[in-house]
1. Among the residues of region 57-72, count how many are under 16 Å from Gly105 (Cα atoms), in contact (Cβ under 8 Å) with a residue 24 or more places away in the chain and surrounded by fewer than 20 Cβ atoms within 10 Å (Cβ to Cβ).
2. Could you say whether any residue in region 159-177 is modelled with pLDDT under 90 and over 16 Å from Leu65 (Cα atoms)?
3. Let me spell it out: the conditions are (1) crowded, with 22+ Cβ neighbours inside 10 Å; (2) touching a residue at least 60 places away in the same chain (Cβ under 8 Å); (3) not polar (S, T, N, Q), and Leu77 meets all of them except one. Which number is the exception?
4. Scan region 87-121 for residues that are open to solvent by 20 Å² or more (accessible area, probe 1.4 Å) and assigned to a loop (DSSP other than H, G, I, E, B) and report the count.
5. Let me spell it out: the conditions are (1) part of a helix (DSSP H, G or I); (2) on the phi > 0 side of the Ramachandran plot, and Glu145 meets all of them except one. Which number is the exception?
6. Within region 19-42, identify whether any single residue is of a type outside the set (Ser, Thr, Tyr), exposed (fewer than 14 other Cβ atoms within 10 Å of the Cβ), at pLDDT 85 or above and not in a helix (DSSP H, G or I), and answer yes or no.
7. Going through region 117-156 one residue at a time, which ones are closer than 16 Å to Ala255 by Cβ and small (Gly, Ala, Ser)?
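The values are calculated or read from the model by the stated rules, or taken from the named source; none is laboratory data. As the structure is a computational prediction, the values presented were derived from the model and not from experiment. Neighbour counts are summed over all protein chains in view; Cβ atoms, including those assigned to glycine, are modelled from backbone coordinates with ideal geometry. Ligands, DNA and RNA are excluded from the accessible area calculation, which covers all protein heavy atoms including side chains. Shrake-Rupley method; radii C 1.70, N 1.55, O 1.52, S 1.80 Å.
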Amino acid sequence: MKTALRLVLSLAVAAGLLAVLMLLGGIGLEDLLAGLRRLSLRAYLTALALHVALYALRAWRFHLLLPAERRPGPLRLLSITASYTMASIILPAKIGEATFVVYAGRVAKLPASEATACLLVSRLLDLATLALAMSLACLALWAAEAYPNLVWLGPLGAILLPFSIAVFVASARGDLVVRWIDRGSRLLGLDRTRAGVKLLGFGDRLSDALKAAGSRKRLYAAALVSLPAWLCVFLFCAVLAEALGLPPEVTFAEATLGAGLAMATSLLPLSAFANFGTLEAGWVLGFAAMGVEPSVAYATGLGLHVVQVANAVLLGLLGHVGMAVGSDRARR
């Protein structure tokens, strides 16, 4: 009942956020459906291909971050990635992120500490790459004087660049953070309780796994894979946005900034069911600031999100089939 109540409340929050956004943007359900009907089969298939490529690159990054002796087969890891991504997108407050550890343990027999370390480093690399892309987009638009009224473009770009570097460094030494927490926990006497001993033991294993995952060879390779992965994200947004009605004169730098703000707001742990409402808010904030009509920004952002969730469900279900098949073969 508690889970059902959380889901109902999350759906209510998402519906409320969407209702407010649609009211402020002056669009209705007919406008959304009209935008989706504008989406051609070619544009959708292109977006779907980019979505599949993104999943393949993320699975490859997981492969690189895991110890060589623990790495599952490519198809099994791709199935885990697709299934976990569906859960992380659909479930509220980012609780779906934990399913990677669950699926990796059940299907690939990965220890929880190593799966958690792989996931944490991967998400830090996502944040670093997103900040880098938004920094470059802001600085490019600022240097071109495309929007003299947006005085925050230059300063934001200048802030995001060192932030990106700092997050990348943090991904290399996440083990230090865990060790600091471990020392604080011992000072508080948690090592004198049974639960505390188990938690501190997991912390020790997690620290070792984070140090290994953040080693120079693994981290550099995973960081390089993050670049084309995020390029797929921005191209996915650009293809769908134009097909759904965003003005064709919008440049790639502008699309990167608008989509980047949408992705940044969707990363918030306060997001509702399937990130509805939070992603659209960032999308509208970015594109409306760059002169796109609010109604067009609302409609394209919501339409893009609908396609993203539909793709995630389709690929996630295929991922669950792949995990089931892999588990059956392993038992045989």
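1. Within region 57-72, residues that are under 16 Å from Gly105 (Cα atoms), in contact (Cβ under 8 Å) with a residue 24 or more places away in the chain and surrounded by fewer than 20 Cβ atoms within 10 Å (Cβ to Cβ) number 2.
2. Let us first name the residues in region 159-177 that are modelled with pLDDT under 90, namely 169-177.
From the residues that got through so far, the ones that are over 16 Å from Leu65 (Cα atoms) too are 176-177.
Checked region 159-177: at least one residue is modelled with pLDDT under 90 and over 16 Å from Leu65 (Cα atoms).
3. (2)
4. So the count comes out to 3.
5. It is condition (1) that Glu145 fails.
6. no
7. The answer is Ala133, Ser135, Ala137, Ala140, Ala144, Ala146.
Residues are listed down the side, and each one gets a yes or a no for (1) touching a Ser or Thr at 6+ places or on another chain (Cβ under 8 Å); (2) of a type in the set (A, V, I, L, M); (3) more than 20 Å from Val52 (Cα to Cα):
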| position | (1), (2), (3) |
| --- | --- |
| Ala82 | no, yes, no |
| Arg106 | yes, no, yes |
| Lys109 | no, no, yes |
| Ala115 | no, yes, yes |
| Ala133 | yes, yes, yes |
